[in-house]
C-alpha cells in the first residue's frame with residue numbers, strides 16, 4: 001500500500017476527534033460544569049491523538065523502508081499531520097465549546113425565566129388563596145358578631161322580662177302574704193267566737209273515764225267560789241265537758257262549754273283574781289292556738305307591766321297595757 005494511502009487511512013482512523021465533536025454538541029450538565037469537563041476531555045483527546053499518530057507513523061516506516069528515503073518529506077509531513085489535525089480539532093473544539101456554553105446559558109436563562117414565571121404564578125395563587133381565606137374569616141367574624149349581638153339582645157330582653165316577672169312575683173307574694181294574714185285572722189276570729197262559750201280547767205287531779213265531767217267541773221267552780229250558785233244549778237249551766245290531751249303527773253285538763261257568755265265572763269273574772277301556783281288547779285280562757293302563742297309571747301311584757309304598777313290584760317288575742325294595745329310578735333320556730 002502506498003505511503004500516502006496509509007497516511008490517509010491513519011488519518012481516517014485517528015480516534016477521539018469526531019466522537020468528541022459529536023459528544024460536545026450534547027451537553028447534559030450546567031454551563032460551568034460542562035465547560036470544565038469539555039476542557040479536560042480536549043486535553044485528554046489531544047494527548048491520545050499524538051500517541052496514536054506517532055504509532056501510525058512508525059508502522060508506516062517499518063512496512064515500507066524502501067520508500068522512506070524518497071518520500072521522507074512526505075512521511076515527515078504525515079508524521080506532523082496529527083498535530084495539525086489536533087490543532088484543527090482544538091480550534092473546532094473551542095468554537096463548539098463556545099456554542100455549547102452559549103446554548104447552556106440560554107437554556108439556563110430559559111429555565112430561570114420559567115422558574116421566575118412559575119414563582120410568580122405560585123405567588124399569585126397563594127395571594128388569591130390568602131385573600132379568599134381572609135374573606136372567609138371576615139365573613140365568619142361578621143356572622144359571629146351578629147350572633148353575639150343577637151344573643152346580647154336576647155339576654156337583655158330576657159333580663160328585662162325576668163326583672164318584670166320578679167317584680168310581679170314580689171307584688172304577688174306580698175298580696176298573698178297579706179291575704180294569708182287576713183284569712184288567718186278571719187279563721188282565728190271564727191274559732192275564737194266558737195270558743196267564746198268555753199273554759200279550761202287545768203291540773204284536775206284524779207279524773208276517771210267513768211266520771212261525769214260536767215259534775216266534776218261544776219264541783220270545782222263552786223268549791224273555788226268562782227260562781228255563786230249551787231253545784232246543781234252550775235251543772236245546768238254547762239252544755240258539755242270533756243278532757244283534752246294525755247294526763248300529766250296524774251293531772252288532766254278539762255274543757256267545759258257553757259250556755260251563757262255572761263256566766264263564762266263572770267267565772268273568768270273571778271279566776272284571774274286567784275293566786276297562781278305552779279301545778280295547782282286553774283281556770284282559764286279556752287284560747288285558739290294562735291291566741292295561745294301570742295299569750296305566751298306577751299307574758300313577759302305583762303309581768304313587767306304589772307311589776308311597774310300598770311294595768312295589763314290579754315283579751316281576745318291582744319295585749320292591753322293601760323288601755324293601749326301593745327304589739328306582740330310570735331317568735332319563729334328556728335329562734
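Take every pair of alpha-carbon atoms less than 8 Å apart whose residues are at least six positions apart; their mean separation over the length of the stretch 256-335 yields a relative contact order of 20 percent. The Rg/Rh ratio of the stretch 119-201, with both radii computed over alpha carbons and Rh defined as the Kirkwood radius, is 1.76. Taking 0.36 nm per residue of sequence separation and removing the Cα-Cα distance, the residue 116/residue 315 pair yields an extension gain of 60.5 nm. With each label modelled as a point 7 angstrom along the Cα→C-beta vector, the residue 261-residue 184 pair spans 2.6 nm. Extension gain for the segment residue 249 to residue 301, taken as residue separation times 0.36 nm less the Cα-Cα distance, is 15.7 nm to one decimal. Diffusion of the stretch 259-335 by Stokes-Einstein, at 4 °C in a medium of 1.567 mPa s and with Rh set to the Kirkwood radius over alpha-carbon pairs, works out to 93 µm²/s. Note on the stretch 206-286: Cα convex hull, mean projected area over all directions, 5.3 nm².
If I model a spin label at residue 293 and residue 138 as a point 7 Å from the Cα along the Cα→Cβ vector, what separation in nanometres do I get? Here the answer is 7.2 nm between the modelled labels. If you take the Cα centroid of the stretch 318-332 and the Cα centroid of the stretch 124-197, the two points sit 43 Å apart. Note on the stretch 133-261: percent of Cα-Cα distances in each 5 Å bin, starting at 0 and stopping at the bin with the largest distance, equals 2, 8, 11, 10, 8, 7, 5, 5, 4, 4, 4, 4, 4, 4, 4, 3, 3, 3, 3, 2, 1, 1, 0.
Annotation for residue 105 and residue 151: the two label points, set 7 Å from Cα along the Cα-Cβ direction, are 6.7 nm apart. Full extension of the chain between residue 323 and residue 161 yields a length gain of 53.2 nm, computed as 0.36 nm times the residue separation minus the alpha carbon distance.
Every read-out reported here was derived from the displayed coordinates using simple, explicitly stated rules and does not represent laboratory data. Everything numeric in this text was worked out from a predicted model, so none of it was measured. Don't worry about glycine lacking a Cβ; one is built from the backbone with ideal geometry, like all the others, and counts go over all protein chains shown.
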